[in-house]
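Before any comments, here is the structure.
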Amino acid sequence: MSERRIRVLVAKPGLDGHDRGAKTVASVLRDHGMEVIYTGLHKTPAMIAEIALQEDVDVVGLSILSGAHMELFPRVRKELVERGMDQVLMIGGGIIPQDDMQTLESDGFAKLFGPGTNTGVIAEYIQTEVTKRWAASEAKA
Amino acid sequence: MASSASNSLSTRLLAGERLALSRMISWAENSNSRFPEALEAIWSQVGRATRTGVTGPPGAGKSTLVNELCALIREEERTVGILAVDPSSPLSGGALLGDRIRMEDRTADAGVFIRSMASRGSHGGMARSAVDAMDVMDAFGMHDVLVETVGVGQAEYDVVAAADTVLVVLCPGAGDGVQAMKSGLLELADVIAINKCDLPGADRLTSDMTEAVHLRTAGRDLWAPPVVQCSAGKREGVDDVLAAIKTHREHLKEQLDSHRRRKRIQQVRQVVGERMEEALWEEGDLTEQVEALLRTGTTPYATASNVTQSLLQTARVNQAKGIQA
Ligand SMILES: Nc1nc2c(ncn2[C@@H]2O[C@H](COP(=O)(O)OP(=O)(O)OP(=O)(O)O)[C@@H](O)[C@H]2O)c(=O)[nH]1
Ligand SMILES: [Mg+2]
């Protein structure tokens with residue numbers, strides 16, 4: 001009898017001071033039945049990964065407005081991998097140019113959502129991806 | 001196969017791997033079928049940590065206080081595991097877990113492990129997962145385990161009541177002392193912290209609570225919970241709160257084992273209840289029996305008596321057989 005629920009860390013790295021978008025996403029994901037850990041502003045990649053580990057999340061969502069995404073995403077990923085959290089699904093949102101989006105998504109390590117994305121779409125994406133990952137890890141165990 | 005997975009996870013946990021600690025807490029809260037075996041493998045290491053339950057009305061400053069207590073405990077070179085329980089949304093089943101926002105300065109500290117937990121559906125299930133998570137942190141080697149729940153209901157009370165010491169946090173402005181008394185929080189308390197003493201009304205609340213404690217405990221063989229003032233947000237008086245927790249622990253000293261065993265009995269009782277329920281209603285044919293009885297026109301109470309009698313009868317016969325064999 002397993003009662004697993006999707007756990008998501010919504011984090012805000014970098015220095016910009018707005019977290020309304022992040023808070024909105026957090027509550028939408030909650031309304032889709034997920035358990036959302038919200039961490040507040042100004043997190044370093046190491047802190048984000050450490051929280052992800054302590055909370056054993058399935059998803060790390062980064063909200064970035066400062067333009068530092070090309071640097072931050074890989075750094076968070078690296079910190080996660082160092083902690084053995086390579087299964088974590090990374091998603092991101094914010095103002096990210098199309099080219100950068102493609103670069104980040106092509107490595108297969110992040111899925112990005114531009115401003116104005118329907119939040120329900122994000123929730124659905126998470127549900128599908130995490131369910132896949134769970135099935136894969138169950139098969140391995 | 002399941003067995004080797006739980007073995008390796010417990011081995012990794014006992015070797016001090018934080019990811020294993022985290023994952024085993026997930027097993028506990030997901031009621032993963034591998035958890036009981038994993039717990040078995042680490043059980044010899046459970047029982048060394050002190051356990052403090054922190055509860056109180058929403059917004060009283062519990063997380064802030066836990067964070068400051070944690071800072072003080074770290075100065076004593078002791079490691080700390082924190083479990084922060086927040087309610088799940090009854091509608092979606094999801095949850096926003098925000099306690100650790102108040103504990104952010106602890107994230108970089110390798111001697112601290114903070115885990116947020118949603119209360120999820122069933123009331124007994126939550127208390128069980130929380131106790132399991134405390135056991136896992138204990139086995140990992142955390143010296144002190146702190147668990148925070150919002151003091152709003154029986155399920156939340158059950159969680160903190162499983163700890164050695166219960167700290168109830170109140171603050172001025174969040175209702176008066178009478179409300180705290182009505183809620184039953186005071187009966188649970190081993191230590192009462194009046195937080196936000198920088199705000200008006202703190203002295204009044206403190207004297208109300210002191211009097212309430214006196215009325216309840218005077219002349220009786222009961223622990224009188226000390227009422228301690230603090231302002232966690234200003235890092236004032238937190239040392240007094242910690243001292244009061246230690247005093248209570250000192251007081252428990254001789255009875256700590258029996259105190260803990262009583263709480264374990266509660267845990268076992270609950271698991272037995274769940275197993276019985278499952279066996280009787282989901283795997284057994286009790287539903288059909290009851291339906292047949294109701295068809296004959298018996299009342300719900302008569303039906304229940306009838307069913308209970310026959311179950312007990314069966315149990316006695318089986319027990320007698322067991323003795324003979
Ligand atoms: N004035 C004052 N405010 C405080 C103090 N301690 C905490 N607060 C504030 O009280 C608010 C609630 O603090 P938390 O620590 O989140 O309270 P909590 O009891 O954990 O809240 P829930 O978990 O949501 O029930 C925050 O805005 C804190 O900054 C204090 O000593 N004085
Ligand atoms: Mg809190």
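Things to note:
- Modelled label positions at B:ALA243 and B:THR298, each set 7 Å beyond Cα in the direction of Cβ, lie 6.3 nm from each other.
- The residues of chain B expose on average 49 square angstrom of accessible surface per residue, using a 1.4 Å probe on protein heavy atoms.
- Partner chain coverage, peptide B:86-97 - average Cβ within 10 angstrom: 6
- The stretch A:86-141 and the stretch B:103-157 have their alpha-carbon centroids 29 Å apart.
- Legend: distances between Cα atoms for A:LYS43/B:LYS263; A:LYS12/B:LYS246; A:LYS23/A:LYS78; A:LYS111/B:LYS196; A:LYS43/B:LYS234; A:LYS78/B:LYS234; pairs beyond 32 Å are A:LYS43/B:LYS263; A:LYS12/B:LYS246; A:LYS111/B:LYS196; A:LYS78/B:LYS234.
- Sorting the Cα pairs of the stretch B:39-91 by distance into bins of 10 Å, from 0 upward, gives 18, 40, 30, 13, 1 percent per bin.
- Cβ-Cβ FRET estimate between A:HIS42 and B:THR287, R0 fixed at 51 Å, reported to 0.05: 0.35
- Distance distribution note for the protein assembly as shown: the fraction of Cα pairs above 34 angstrom is 41%.
- Heavy-atom accessible area for B:HIS214, with the other protein chains in place and a 1.4 Å probe, reaches approximately 110 Å².
- The alpha carbon radius of gyration of the stretch B:183-289, expressed as a multiple of 2.2 N^0.38 Å, is 1.59.
- Once Rg and the Kirkwood radius are both taken over the C-alpha atoms of the stretch A:6-57, their ratio Rg/Rh works out to 0.97.
- Hull shadow area, averaged, the stretch A:27-78 [alpha-carbon convex hull, nm²]: 3.9 nm²
- In nm, spacing of pseudo-spin labels at A:THR24 and A:ALA135 (7 Å Cα→C-beta vector): 3.2 nm
- Spin-label zone in the stretch B:12-35 - amide nitrogen under 19 Å from a point set 7 Å from the Cα of B:SER44 along the C-beta vector: B:12-17
- Both radii come from the Cα set of chain A: Rg as radius of gyration, Rh as Kirkwood radius; their ratio Rg/Rh reads 0.93.
- For the stretch B:283-324, the fraction of alpha-carbon pairs in successive 10 Å shells from zero, as %: 28, 43, 21, 8
- Taking only alpha carbon atoms, chain B gives an Rg to Rh ratio of 1.03, where Rh is the Kirkwood radius.
- Three-way shape label, the stretch B:140-180, alpha-carbon gyration tensor, a/c 1.5: prolate
- Spin-label pair B:ALA110/B:GLU254, simplified geometry with 7 Å Cα→Cβ offset, distance in nm: 4.3 nm
- For B:CYS230, the accessible area of its heavy atoms, probed at 1.4 Å with every protein chain present, is near 0 square angstrom.
The values are calculated or read from the model by the stated rules, or taken from the named source; none is laboratory data. None of the values given here were measured: they were computed from a predicted structure. Neighbour counts are summed over all protein chains in view; Cβ atoms, including those assigned to glycine, are modelled from backbone coordinates with ideal geometry. To get the accessible areas, we keep the full protein, side chains included, count just its heavy atoms, and leave off ligands, DNA and RNA. Shrake-Rupley method; radii C 1.70, N 1.55, O 1.52, S 1.80 Å.
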